[in-house]
Amino acid sequence: MKKHVVIKIGGYYIYNRELAKNIITLANKFKVLPIFVCGGGVFANAVREAYLTHGFSSKVAHYAAIKAMEISALIFSENITDSVLADSLDEILTWSIRGKYPVVLPYKIVSRANVLPESWEVTGDSIASLIAVLLGVRKIVFVKKIPGLKEWIENVCRFVDKYACEFISKYKLRAIVVNGDDLSSIASGFINA
């Protein structure tokens, strides 16, 4: 039986077609149904810069940064044949069960859940963790740029924000960090799914 796994793609990797292809290949090999959540990357950084320059509210900055994640999702989805953009929990599960690869548009989901602080301390990692919890998915893989990392790491709290760490601990999620530049690291993450 295939298991759902939330895969949080760091903003650095949203343009990497080869990585996307390799993740799909590994997911199929290890019978995993991936649900992709993309970090905001340069788009979220642009929101932060505008926030610091123009001084709009932290609430607006928070939701604008989540919209930046949606831009990343749009770009990343182009790398995967049979991907679909999904902005609700029902859509995510429906498309996944139908053999498509959901790439999450998180704005509606996060704003409806309304459980995260409207702060820069909240990153795509905590949003991916929240989505895993809301979907009842027990496993999350964080794909990050970590030079020198050659295997997966289970002690994720030193690599993710504090709210992600709290979700992982409170809901007993199986969370690992892998290096997006190392295919064997990613493969070991799927083997241990």
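The values are calculated or read from the model by the stated rules, or taken from the named source; none is laboratory data. Please read all numbers here as calculations on a predicted model, not as lab measurements. Neighbour counts are summed over all protein chains in view; Cβ atoms, including those assigned to glycine, are modelled from backbone coordinates with ideal geometry. For the accessible areas, the whole protein counts, side chains as well, though only heavy atoms, and no ligand, DNA or RNA atoms are used. Shrake-Rupley method; radii C 1.70, N 1.55, O 1.52, S 1.80 Å.
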Task: Charged-residue dipole, Cβ positions (Lys, Arg, Asp, Glu), the range 1-63 about Cα centre, Debye nearest 20 - done: 420
- [ ] Straight distance only, please: which aspartates and glutamates reach the Cα of Lys145 with their own Cα at less than 18 Å, same-chain residues fewer than 8 apart left out?
- [x] Glu18, Asp125, Glu154, Asp161, Asp181, Asp182
- [ ] Sort the following peptides by mean Cβ neighbour count (other Cβ atoms within 10 Å, averaged over residues), highest first: 126-137, 178-189.
- [x] 126-137, 178-189
Task: Potential lengthening between Asp82 and Lys170 on full extension [0.36 nm per residue; Cα-Cα distance subtracted] - done: 28.3 nm
- [ ] Would you work out the charge dipole size for the range 63-140 about its Cα centre, treating the Cβ of every Lys and Arg as +1 and the Cβ of every Asp and Glu as -1, and quote it to the nearest 20 debye?
- [x] 240
TODO: Please count, across the range 1-63, the pairs of lysine residues with Cα atoms under 28 Å apart that sit 8 or more places apart or on different chains.
DONE: 12
TODO: Evaluate Rg over Rh across the chain, taking Cα atoms for both radii and Kirkwood's formula for Rh.
DONE: 0.94
Open item on the list: Accessible area of the chain with a 1.4 Å probe: how many percent of it is carbon plus sulfur?
Closed with: 54
- [ ] State the extension gain, in nm to one decimal, for the chain segment bounded by Val42 and Glu121, taking 0.36 nm per residue of separation less the distance between their alpha-carbons.
- [x] 26.8 nm
Open item on the list: Of Gly180, Gly136, Ala50, which is farthest towards the positive pole of the range 42-193's charge dipole, taken about the Cα centre with +1 and -1 on the beta-carbons of Lys, Arg and Asp, Glu respectively?
Closed with: Gly136
Open item on the list: Per DSSP helix of 4 or more residues, -39500 (n - 2.57); summed, then divided by the residues of the chain. What does that give at 222 nm, rounded to the nearest 500?
Closed with: -15000 deg cm²/dmol
Task: Label point distance in nm, Glu154-Thr94, each placed 7 Å from Cα along Cα→Cβ - done: 3.7
Open item on the list: At 1.4 Å probe radius, can you tell me the per residue accessible area of the chain in Å²?
Closed with: 48
